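Here is the structure we will look at, set down as structure tokens.
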Amino acid sequence: MADIKLGIIGYGFMGHEHANMMETIDEIDLVAVCDTVMSQMDDAPGSVRKYACMDKLLEDEEINTVIISIPNPLHLEAVVKAAKAGKNIICEKPAAMSVEEFDEMCKITRECNVGFTIHQQRRWDADFRTIKEVYDRHLVGKEYLVKSQLYGFNGNMHDWHIYPEMGGGMLYDWGVHLIDQILLMIDSRLVSVYADMKNVINKNVDDYFNILFTFENGITAEIELGTYYLTPKRAWFLGGTTGSAVIDGPFQAQGNVDGMIVRTKHLLENVPGKITMTAAGPTRSFGEPEPGLIYNEDLPKVDCCHKDFFMNYINAFYGKEESAVKLTEVRKVLCVMDAVRESAKRHQAVLFE
Ligand SMILES: NC(=O)c1ccc[n+]([C@@H]2O[C@H](COP(=O)([O-])OP(=O)(O)OC[C@H]3O[C@@H](n4cnc5c(N)ncnc54)[C@H](O)[C@@H]3O)[C@@H](O)[C@H]2O)c1
């Protein structure tokens, strides 16, 4: 019998994911689910209670914790009701539609003295953890550039994601993860954000964005996401003074990632220009390197999976660990998302104080 008795609010795509995850976690008992569309719960585990609305689920006294996995504009109402019902809350990302909404959520959960965190499980994606490991251990020297790219092939937004008023579009959907990863990795004050957003094939919501961050420590970071590239991939580039780390392959958040660290046997210092003939013409800077000069190393191996979010949640519940996803970090991501929109609208960089 576990101490954490869970109710899932919203039994759609993510609600099902959470229920499946709970089957692998002994420390959490899934007690009930709710959905306003009853048929969504047809395949819920036989052992759980099913409610037609969140109010009924929140009246269930056995439940002490809820996961909120309903569309984005409904998060605020659910957080307020769950906090008033005395339930600890794990809310899906994006936590809120705006910074103001999020501040309201923080206030009510504080006042009601309930736990509150956001499901930012992509902090435990293998590609991100691998590049973060290279960064944290300075395996490519002093870092100057981080690039994070996610390309999809279809381009179509689904269901409520096509409506701006529902918190649709890719900045709300994936931007929140990708920005969170960059801010978690680069341990320096954010100085500015410059962004471009497009609706390439979707009428009303963004399906492409490119965000350039500058940090006080001199590092530039870039996030590029496009749902309509026709050449899908997940890639990272980390440039440092003694090498480059590259991840480039199909998106596989768990397990081994495709990539390498590339190094040169010696750094060139003020050498006389050597002209190399290439297909593009003679060059002194962009020719083929001399044989043997460039060599590859394996990326470090990381051991992580999305279940780690919940293992941290459980440890934090018992006071054994700090909560990994801090509300101040979630708020900062929402502030950056505001800056991204503003920059894209005005075609100007937004500076942070
Ligand atoms: N962390 C992640 O990686 C991740 C991935 C996908 C979605 N999400 C987030 O999860 C949330 C849900 O997204 P989804 O893709 O599961 O959506 P979905 O449309 O698949 O499921 C939402 C479900 O909520 C139900 N619902 C709507 N209003 C309700 C209400 N008032 N009370 C109870 N149920 C209600 C719907 O009937 C539906 O079954 C969103 O905030 C989304 O951003 C997070």
* What's the number of the condition Phe102 fails, among (1) farther than 16 Å from Ile9 by Cβ; (2) within 16 Å of the ligand (Cβ to nearest atom); (3) open to solvent by 30 Å² or more (accessible area, probe 1.4 Å)? -> (3)
* **Residue in segment 58-73 that is nearest to the ligand (Cβ to nearest atom), counting only those that are assigned to a helix (DSSP H, G or I) and touching a helix residue (DSSP H, G or I) at 6+ places or on another chain (Cβ under 9 Å)** => Asn72
* Here are some conditions: (1) open to solvent by 80 Å² or more (accessible area, probe 1.4 Å); (2) in a helix (DSSP H, G or I). Glu321 meets all but one. Which one does it not meet? -> (2)
* Any chance segment 161-172 includes a residue that's away from the ligand (no atom under 16 Å from the Cβ) and either over 19 Å from Ile211 (Cα atoms) or free of Cβ contacts under 8 Å to residues at least 12 places away in the same chain (or both)? -> no
* Output the strands (runs of 3 or more DSSP E) that fall wholly within segment 168-284 and possess 3 or more residues being of a type outside the set (Asp, Glu) and closer than 20 Å to Asp298 by Cα, or say none. => 233-240, 243-249, 259-264
* Kindly indicate the residue of segment 22-50 that is in a loop (DSSP other than H, G, I, E, B) and acidic (Asp, Glu) and also nearest to the ligand (Cβ to nearest atom) among those meeting that condition. => Asp35
* Leading residue by the ranking (most open to solvent (accessible area, probe 1.4 Å)) among those in segment 119-134 that are more than 9 Å from the chain's Cα centre (by Cα) and over 11 Å from Ala253 (Cα atoms) -> Glu133
* Name every residue in segment 140-167 that is at pLDDT 95 or above, part of a loop (DSSP other than H, G, I, E, B) and touching a helix residue (DSSP H, G or I) at 6+ places or on another chain (Cβ under 8 Å), in order of residue number. => Val140
* Residue check, Ala19 within 16 Å of the ligand (Cβ to nearest atom), assigned to a loop (DSSP other than H, G, I, E, B) and over 20 Å from Pro73 (Cβ atoms) -> no
* Could you figure out which of (1) open to solvent by less than 10 Å² (accessible area, probe 1.4 Å); (2) modelled with pLDDT under 95 isn't true of Ile179? => (2)
* Determine if segment 75-86 includes at least one residue that is away from the ligand (no atom under 14 Å from the Cβ), over 21 Å from Met21 (Cα atoms), assigned to a helix (DSSP H, G or I) and not assigned by TED's automatic domain parsing to the domain that holds Trp160. => yes
* Please find, within segment 57-77, the residue that is least open to solvent (accessible area, probe 1.4 Å) out of those that are touching a strand residue (DSSP E or B) at 6+ places or on another chain (Cβ under 8 Å) and of a type in the set (Asp, Glu). => Asp60
* Determine whether segment 291-307 contains at least one residue that is in a loop (DSSP other than H, G, I, E, B), assigned by TED's automatic domain parsing to the domain that holds Gly259, touching a Ser or Thr at 6+ places or on another chain (Cβ under 9 Å) and among the aromatic types (Phe, Trp, Tyr). => no
* To do: Answer yes if at least one residue in segment 201-221 is within 19 Å of Glu133 (Cβ to Cβ) and under 17 Å from the mean Cα position of the chain (by Cα), and no otherwise.
  => yes
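The values are calculated or read from the model by the stated rules, or taken from the named source; none is laboratory data. These numbers come from a predicted model, not from an experiment. Cβ atoms come from the backbone with ideal geometry, glycine included; neighbour counts cover every protein chain shown. These area figures cover heavy atoms from the full protein model, side chains too; ligands, DNA and RNA do not enter into them. Shrake-Rupley method; radii C 1.70, N 1.55, O 1.52, S 1.80 Å.
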